[in-house]
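Worksheet: the structure to be examined is printed underneath.
The values are calculated or read from the model by the stated rules, or taken from the named source; none is laboratory data. For clarity, every value in this text was computed on a predicted model and none was experimentally measured. Every residue, glycine as well, gets a Cβ built from its backbone with ideal geometry; the counts of neighbours run over all protein chains shown.
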Amino acid sequence: MNGKPRSLLGIEPLTSRQIIDFLSAARKMDPKRPRTTLRGRRIALLFYENSTRTRVSFEVAAKSLGASTVVMHASSSSIEKGESLKDTGLTLQSIVDAIVVRHPNSGAPTLLSRILDIPIVNAGDGMHEHPSQALLDAFTILEHKKTLKGLKIVTVGDIYHSRVARSDAHLFTKLGAHVTFCGPEVLLPEEATQLAPGIRIVRDMDEALTGADVVMMLRVQQERLSGLQINLDEYIRRYQLNPRRVKLAKKNALVMHPGPMIRGMEMTDEVADGPQSVVLEQVLNGVKVRMAILASILGGRR
Ligand code: CP
């Protein structure tokens, strides 16, 4: 890989070439055909927040490359006794060759990468970035569309708090797609347009979806809606993806969701399980993409 990054901390610092190299490497990966690329390597999966998809797929990816894994949850480690992120990182560095970290604070993986000498992979940090999710989202789109260039990708939901929306927006615009954000005003700050060049904000969902090639639905926490005094029924009326709304997008538009998905709120069952939904393909592709990430940052490094 040309200009291979030492760690994967976000999509924003990557060049388009580096993104394309990750995606090309993922195309060659298949968890059903295990490799020995990382035989003898140990990878810590350090999760300070809950996860199903990201943790499981990083673990399967590491094992499919011959590495062994150590899974650590904040609730069952010395973190619970007050150990700092720095000391936890220094301790793990004595034992493992790389750390995949999810943390509620934006910048935690970057902090670890400055302190430690081993590669760090960001598995989601606060409201900042979720780079492996953006790579798997792009990979999934490219299995159905020839290129991202010129595609209209509409992201709907809680954009403000979403690290997925941020990483996706960086990646999609770097590869030439047109990104539209749609959601309630309080979950859709004006600064969102400064994230990446050319991002549009459209408040009306029907208008936003018209002519879309990809509809990316995001998770919306019900507690957050009530905290912001947004009525749940009103949210569903204005922002739920239902069969009528899917028809506003292009005929072959993809319906995506990074998960976890709240059925009946963000989208209806008919849409979630419908022919245009690629939600489960995203999960499978997550393993391939994470194999490519681990092989790229650890392969050949001793
Ligand atoms: N998309 C995603 O990050 O899902 P998990 O929280 O289950 O890992």
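Can you pull out the helices (runs of 4 or more DSSP H) entirely within segment 1-101 that have at least 3 residues that are within 16 Å of the ligand (Cβ to nearest atom), more than 17 Å from I293 (Cα to Cα) and modelled with pLDDT of 95 or more?
none
Mind telling me which of the residues M291, M261, M267 ends up being surrounded by 23 or more Cβ atoms within 10 Å (Cβ to Cβ), among the hydrophobic types (A, V, I, L, M, F, W, C) and without any contact (Cβ under 8 Å) to a residue 60 or more places away in the chain?
After ruling out the rest, the residue left standing is M267.
Take I115 and tell me if it is crowded, with 16+ Cβ neighbours inside 10 Å, outside the structural domain of H257 (by TED's automatic domain parsing) and at negative phi.
When the stated conditions are applied, I115 does not pass them.
When T88 is evaluated against the numbered criteria (1) buried (at least 21 other Cβ atoms within 10 Å of the Cβ); (2) touching a residue at least 60 places away in the same chain (Cβ under 8 Å), which criterion, by number, is the only one it fails?
Every listed condition holds for T88 apart from (2).
Tally time: how many residues in segment 40-85 are touching a residue at least 12 places away in the same chain (Cβ under 8 Å), closer than 26 Å to R163 by Cα and not hydrophobic (A, V, I, L, M, F, W, C)?
Adding up the residues that qualify gives 11.
Assess whether G150 counts as being over 20 Å from the mean Cα position of the chain (by Cα), of a type in the set (G, A, S), in a loop (DSSP other than H, G, I, E, B) and surrounded by fewer than 19 Cβ atoms within 10 Å (Cβ to Cβ).
So G150 passes the test.
Please work out if H170 is more than 19 Å from I297 (Cβ to Cβ) and either in a loop (DSSP other than H, G, I, E, B) or away from the ligand (no atom under 13 Å from the Cβ) (or both).
Against the criterion (more than 19 Å from I297 (Cβ to Cβ) and either in a loop (DSSP other than H, G, I, E, B) or away from the ligand (no atom under 13 Å from the Cβ) (or both)), H170 does not qualify.
Please pick out the residue among G259, G227 that is outside the structural domain of S57 (by TED's automatic domain parsing) and in contact with a helix residue (DSSP H, G or I) (Cβ under 6 Å, 6 or more places away or on another chain).
G259
Okay, residues lined up against (1) within 20 Å of M261 (Cβ to Cβ); (2) among the aliphatic types (A, V, I, L, M); (3) touching a Ser or Thr at 6+ places or on another chain (Cβ under 8 Å):
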| position | (1), (2), (3) |
| --- | --- |
| V164 | yes, yes, no |
| V179 | no, yes, yes |
| P197 | no, no, yes |
| M205 | yes, yes, no |
| D213 | no, no, no |
| L218 | yes, yes, yes |
